[in-house]
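The values are calculated or read from the model by the stated rules, or taken from the named source; none is laboratory data. This one's a predicted model, so the numbers in the text were calculated from it and none came from an experiment. All Cβ positions, even for glycine, are placed from backbone atoms using ideal geometry, and neighbour counts span all protein chains on display. These area figures cover heavy atoms from the full protein model, side chains too; ligands, DNA and RNA do not enter into them. Shrake-Rupley method; radii C 1.70, N 1.55, O 1.52, S 1.80 Å.
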Amino acid sequence: MRLEQFAMERMQSTWENRVEINLSESGVHPLRVEELCTTEELQSLLLRQELVYTQSNGTPELRGMIAAIYPGATADHVEVTNGGSEANCISVWNLVDPGDDVVMMVPNYMQAWGLARGFGGTVKPWALREVREGSATRWRVDLDALASLVTAKTKLILICNPNNPTGARLTDADLEAICRIAAAHGAWVLSDEIYRGAELDGVETPSVWGRYDRAIVTSGLSKAYGLPGLRIGWIVAPPELIARLWSYHDYTTIAPGAMSDLLARVALEPARRRQILARTRQMIAANYPVVREWLAAYGDQFRHAPPEAGAIVYVAYKYPINSTELILRLKDEHSVLIVPGDHFHMDGYFRLGFGSHTGYLREGLGRLNVLLESLAKV
């Protein structure tokens with residue numbers, strides 16, 4: 001097996017900690033350990049934690065807390081992984097064989113695209129559409145197009161809900177229709193729901209969980225929870241599939257870190273979970289208007305559909321420059337990092353993260369102003 005380079009992660013891994021302003025991140029500003037462990041009891045518990053190998057699929061306590069988020073799930077439906085990326089990796093690895101078709105919502109986080117191709121699958125892109133709804137533009141699914149793509153060869157349908165990079169949400173009706181199309185051919189549906197909980201209107205995004213006996217959810221604590229450094233992700237799926245995925249996990253990272261498992265249990269205590277998600281929603285609700293006003297000042301040079309969830313906005317631009325070239329100039333000349341549309345196979349766009357502190361965001365936008373002014377003079 002040979003994997004193609006994962007362009008976005010390679011760029012972010014190289015530069016995100018070397019620029020002065022990082023607006024390539026799609027989550028919110030991370031919490032500190034002291035913000036999780038707010039009592040002497042929790043601080044003492046943290047310091048007393050033995051640095052052992054934990055239960056390799058996640059402690060029963062953590063798996064039970066994750067299961068409680070998904071009605072009808074139990075700890076046996078849950079596999080804890082090192083981040084949502086490992087959850088996606090071992091799921092695609094287990095399910096996709098050479099010759100299988102994989103239908104993937106695009107634009108999307110392109111990890112599964114490279115994995116499915118590396119495992120010998122044929123990836124068929126299923127494009128979201130920009131549609132006009134009243135006075136606003138929205139990204140929406142084309143269910144007729146999906147039905148035309150799914151065949152008896154389709155092993156897996158990959159969706160991202162809320163979507164990265166557009167911030168669009170699928171409705172209950174969308175999810176029911178996707179599952180019906182999958183069921184007609186016996187395909188699995190894998191829904192990456194790592195931005196669920198980061199909605200601008202405060203209304204939780206519907207999950208695919210419980211709608212279909214071949215539905216899989218991957219998620220984690222990195223985006224909506226502001227805890228990327230814990231590297232805690234999870235898979236929720238039928239127990240027989242979870243058992244297979246656990247055996248694949250034995251070949252990757254084996255187990256979550258003991259400290260991460262403990263802190264994840266603190267974060268997912270129901271009252272604390274509500275507090276964390278409220279913090280996230282407050283931050284993105286405060287910052288999106290800053291970005292919206294900044295984009296509006298450029299008139300028809302920019303176009304975007306307002307994100308419904310996530311700390312990201314996906315912007316089409318009219319400047320006569322390739323998106324990767326734009327991002328590299330911004331990095332080299334102004335020490336600001338954002339994500340080029342090329343990384344989603346869509347030149348002429350960029351993804352900008354707004355989950356940071358407002359002053360930091362404004363500074364990054366100001367530096368981007370300088371670059372755009374120089375482009376306007378060309």
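In nm, to one decimal, how far is the modelled label at Ala68 from the one at Arg279, with both set 7 Å along Cα→Cβ?
Distance between the two pseudo-spin positions: 1.9 nm.
Rank Arg292, Arg2, Arg140 by accessible area, highest first, at a 1.4 Å probe radius? Intermediate values should be presented prior to the final figure.
On the way: Arg292 105, Arg2 215, Arg140 55 Å².
These residues rank, largest area first, as Arg2, Arg292, Arg140.
Given +1 on the Cβ of Lys and Arg, -1 on the Cβ of Asp and Glu, and no further charges, what dipole in debye does segment 216-272 carry about its Cα centre, rounded to the nearest 20?
Its charge dipole is roughly 180 debye.
At 222 nm, what helix-only mean residue ellipticity would the chain give, in deg cm²/dmol to the nearest 500, using -39500 (n - 2.57) for each DSSP H run of four or more?
Result for the chain, helices only: -12000 deg cm²/dmol.
Among Trp209, Ile194, Gly226, which residue has its Cα furthest toward the positive end of the charge dipole of segment 186-306, with +1 on Lys/Arg Cβ and -1 on Asp/Glu Cβ?
The residue sitting most towards the positive pole is Gly226.
How much length, in nm to one decimal, is gained on full extension between Ser44 and Asn369, taken as 0.36 nm per residue of separation minus their Cα-Cα distance?
Working: separation 325, 0.36 × 325 = 117.00 nm, distance 4.76 nm.
So the extension gain works out to 112.2 nm.
Which of rounded, prolate, oblate describes the chain, given a ≥ b ≥ c as roots of the alpha-carbon gyration tensor eigenvalues and a/c under 1.5 marking rounded, otherwise prolate only if a/b is larger than b/c?
On the way: a/c = 1.65, a/b = 1.18, b/c = 1.40.
Oblate, because a/c is 1.5 or more while a/b does not exceed b/c.
Express in Å², to the nearest 10, the accessible area of Glu35 obtained by rolling a 1.4 Å probe over the protein heavy atoms while all chains stay in place.
Using a 1.4 Å probe on the heavy atoms, I get roughly 70 Å².
Just add up the charged neighbours of Ser323: K/R +1, D/E -1, any other residue whose Cβ is under 9 Å from the Cβ of Ser323. Can you show the working numbers first?
Working: positive: none; negative: Glu325, Asp342, Asp347.
Result for the neighbourhood of Ser323: -3.
Using θ = phi - 60° and the Karplus form 6.51 cos²θ - 1.76 cosθ + 1.60, what ³J(HN,Hα) does each residue of segment 255-267 get, whole Hz, x for Gly and Pro?
Karplus-based 3J(HN,Hα) across segment 255-267 equals 8, x, x, 4, 5, 5, 4, 4, 5, 5, 5, 5, 5 Hz.
If you take the Cα Rg of segment 138-179 and divide it by 2.2 N^0.38 Å, with N the number of residues, what do you get? Walk me through the numbers on the way to the answer.
On the way: Rg = 10.9 Å, N = 42, 2.2 N^0.38 = 9.1 Å.
Cα Rg divided by the expected 2.2 N^0.38 Å: 1.20.
Report, for the chain, the % of DSSP beta bridges that are antiparallel, rounded to 5.
Numbers: 24 of 45 bridges.
Approximately 55 percent, going by the DSSP bridge assignments.
With every protein chain left in place, what is the accessible area of Asp172 in Å² (1.4 Å probe, nearest 10)?
Result for Asp172: roughly 80 Å² accessible.
Mind listing the long-range amide H neighbours of Trp126? Cut-off is under 5 Å, sequence gap 5 or more, other chains count too, H placed in the peptide plane at 1.01 Å from N.
Met104, Met105, Val106
Compute, for the chain, the length of the dipole vector about the Cα centre, with Cβ point charges of +1 (Lys, Arg) and -1 (Asp, Glu) only. Units Debye, rounded to 20. Let's see the in-between values first.
Numbers: 37 positive and 44 negative charges, 96 e Å.
Rounded to the nearest 20 debye, it is 460 debye.
Just order 81-92, 17-28 by mean Cβ neighbour count inside 10 Å, highest at the front, would you?
Details: 81-92: 24.4, 17-28: 20.1.
Top of the packing list down: 81-92, 17-28.
Roughly what would the spin-label model give for Ser148 and Asp347, points 7 Å off Cα along C-beta, in nm?
2.6
Determine the per residue accessible area of the chain with all protein chains present and a 1.4 angstrom probe, expressed in square angstrom. Walk me through the numbers on the way to the answer.
Details: 15810 Å² over 378 residues.
Result: 42 Å² of accessible area for each residue.
If I stretch the segment between Ala376 and Gln55 completely, what's the gain in nm (0.36 nm per residue apart, minus their alpha carbon distance), one decimal?
So the chain would gain 109.9 nm between Ala376 and Gln55.
So what is Rg over Rh here for segment 219-375, counting just Cα atoms and using Kirkwood for Rh?
Working: Rg = 19.3 Å, Rh = 18.2 Å.
Taking Rh as the inverse mean 1/r over Cα pairs, Rg/Rh reads 1.06.
In terms of Cα to Cα distance under 24 Å, which lysines are near enough to Lys124, apart from those fewer than 8 places away along the same chain?
Lys153, Lys155
For segment 103-142, what is the charge dipole size about the Cα centre, in debye to the nearest 20, if Lys and Arg each add +1 at the Cβ and Asp and Glu each add -1 at the Cβ? Numbers along the way, then the final one.
Details: 6 positive and 3 negative charges, 8 e Å.
Roughly 40 debye, rounded to the nearest 20.
What's the extension gain from Asp213 to Glu16 if we count 0.36 nm per residue and subtract their Cα-Cα distance? Kindly include the intermediate steps, with their values, before the conclusion.
On the way: separation 197, 0.36 × 197 = 70.92 nm, distance 3.94 nm.
Stretched out fully, the Asp213 to Glu16 stretch lengthens by 67.0 nm.
Ranked from the most accessible area to the least, with a 1.4 Å probe and all protein chains present, what is the order of Asp100, Asp250, Asp261?
Working: Asp100 25, Asp250 85, Asp261 0 Å².
In descending accessible area the options line up as Asp250, Asp100, Asp261.
Once the cut-off is 16 Å, how many percent of the Cα-Cα pairs in segment 199-281 end up in the long-distance tail? All intermediate terms of the calculation are to be shown ahead of the outcome.
Numbers: 2129 of 3403 pairs.
Roughly 63 percent, once rounded to a whole number.
Round to a whole number: what % of the accessible area of the chain belongs to carbon and sulfur, probe 1.4 Å? Write down the numbers at each step before the final one.
Details: 8210 of 15810 Å².
That share works out to 52 percent.
If we restrict to alpha carbons, what Rg and Dmax does segment 1-73 come to, in Å?
Cα-based Rg and Dmax for segment 1-73 come out at 18.4, 50 Å.
I'd like the projected area of segment 90-243, averaged over all directions, using the convex hull of its alpha carbons. Report it in nm² with one decimal. Don't skip to the end; give the middle numbers.
Details: hull surface 37.2 nm².
So the Cα hull casts an average projection of 9.3 nm².
What translational diffusion coefficient, in µm²/s and rounded to a whole number, does the Stokes-Einstein relation yield for segment 1-135 at 37 °C and a viscosity of 0.692 mPa s, taking the hydrodynamic radius as the Kirkwood radius over Cα pairs?
173
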